[in-house]
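Down below is the structure, laid out as structure tokens.
The values are calculated or read from the model by the stated rules, or taken from the named source; none is laboratory data. Small disclaimer: the values here were computed from a predicted structure and weren't measured. Glycine also receives a Cβ, built like all others from the backbone with ideal geometry; neighbour counts cover every protein chain displayed. Note: accessible area is taken over every heavy atom of the protein model, side chains too, but ligands, DNA and RNA are not part of it. Shrake-Rupley method; radii C 1.70, N 1.55, O 1.52, S 1.80 Å.
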Amino acid sequence: AIIQRASEFFATLTGGRYGRLYRPFGQSTVTVEDLDGSHKTPDQLSRGTKEQVYLALRLAAIEQTATDHEPLPVIIDEVLVNFDPERSRRAAQAFAEVSARTQVIVFTCHPWIANLFADVCDDVGMLELS
């Protein structure tokens with residue numbers, strides 16, 4: 001169930017460029033399938049796309065945990081720094097979706113990332129630290 005939900009997150013994060021994530025039988029890592037049916041391991045992806053695979057898996061695991069147990073806050077720090085602007089926006093939207101189930105706390109030193117989260121989520125509270 002986590003890999004299936006991670007596939008949905010990954011498709012969203014990549015703007016539909018990749019169709020799904022799956023774990024081949026007997027393998028310990030996931031494989032990515034793109035829209036033309038090509039299969040790649042995370043090692044064959046760019047750094048940003050590889051980080052999006054892992055983010056999609058984490059988001060799916062967070063949702064599953066929040067469903068099965070008492071939700072715990074999610075704390076992230078500079079998770080979007082290797083994403084392009086479009087994928088950063090999609091990731092912020094994914095975090096906004098997860099925030100419906102549990103609290104999400106984002107640390108960043110980049111004003112554009114703070115503004116991005118404020119743009120995609122109606123009830124963002126911001127605190128500037130000195």
request  = List the number of the failed condition for residue 105; all other conditions in (1) at pLDDT below 90; (2) assigned to a strand (DSSP E or B) hold.
outcome  = (1)
query = Could we say that residue 77 is touching a residue at least 12 places away in the same chain (Cβ under 8 Å) and touching a strand residue (DSSP E or B) at 6+ places or on another chain (Cβ under 7 Å) here?
reply = yes
request  = Determine the pairs where a residue that is of a type outside the set (A, V, I, L, M, F, W, C), located within segment 106-122, has a partner that is part of a helix (DSSP H, G or I) with Cβ atoms under 6 Å apart, the partner being 6 or more residues away or on another chain.
outcome  = 108/114
remark   = Residues in segment 80-98 that are surrounded by 20 or more Cβ atoms within 10 Å (Cβ to Cβ) and in a loop (DSSP other than H, G, I, E, B) total 2
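One line per residue, one yes/no per condition, for (1) more than 18 Å from the chain's Cα centre (by Cα); (2) farther than 24 Å from residue 71 by Cα:
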residue	(1), (2)
87	no, yes
90	no, no
101	no, no
105	no, no
114	no, no
125	yes, no
note = When restricted to 47, 17, 23, the only residue closer than 19 Å to residue 1 by Cα, open to solvent by 100 Å² or more (accessible area, probe 1.4 Å), out of contact with any His (no Cβ under 6 Å at 6 or more places or on another chain) and not hydrophobic (A, V, I, L, M, F, W, C) is 23
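Does any residue of segment 65-78 turn out to be under 27 Å from residue 107 (Cα atoms), part of a strand (DSSP E or B) and open to solvent by 40 Å² or more (accessible area, probe 1.4 Å)? Let's see the steps before the verdict.
Step one: of segment 65-78, the residues under 27 Å from residue 107 (Cα atoms) are 65-78.
Now drop any that are not part of a strand (DSSP E or B), which leaves 74-77.
Okay, now just the ones that are also open to solvent by 40 Å² or more (accessible area, probe 1.4 Å), so 75, 77.
Within segment 65-78, one or more residues are under 27 Å from residue 107 (Cα atoms), part of a strand (DSSP E or B) and open to solvent by 40 Å² or more (accessible area, probe 1.4 Å).
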query = Does segment 112-123 contain at least one residue that is of a type in the set (Asp, Glu), open to solvent by 70 Å² or more (accessible area, probe 1.4 Å), in contact with a strand residue (DSSP E or B) (Cβ under 9 Å, 6 or more places away or on another chain) and over 16 Å from residue 15 (Cα atoms)?
reply = no
request  = Pick out the one residue from 58, 101 that is within 20 Å of residue 2 (Cβ to Cβ), touching a strand residue (DSSP E or B) at 6+ places or on another chain (Cβ under 9 Å) and either free of Cβ contacts under 8 Å to residues at least 12 places away in the same chain or open to solvent by 60 Å² or more (accessible area, probe 1.4 Å) (or both).
outcome  = 58
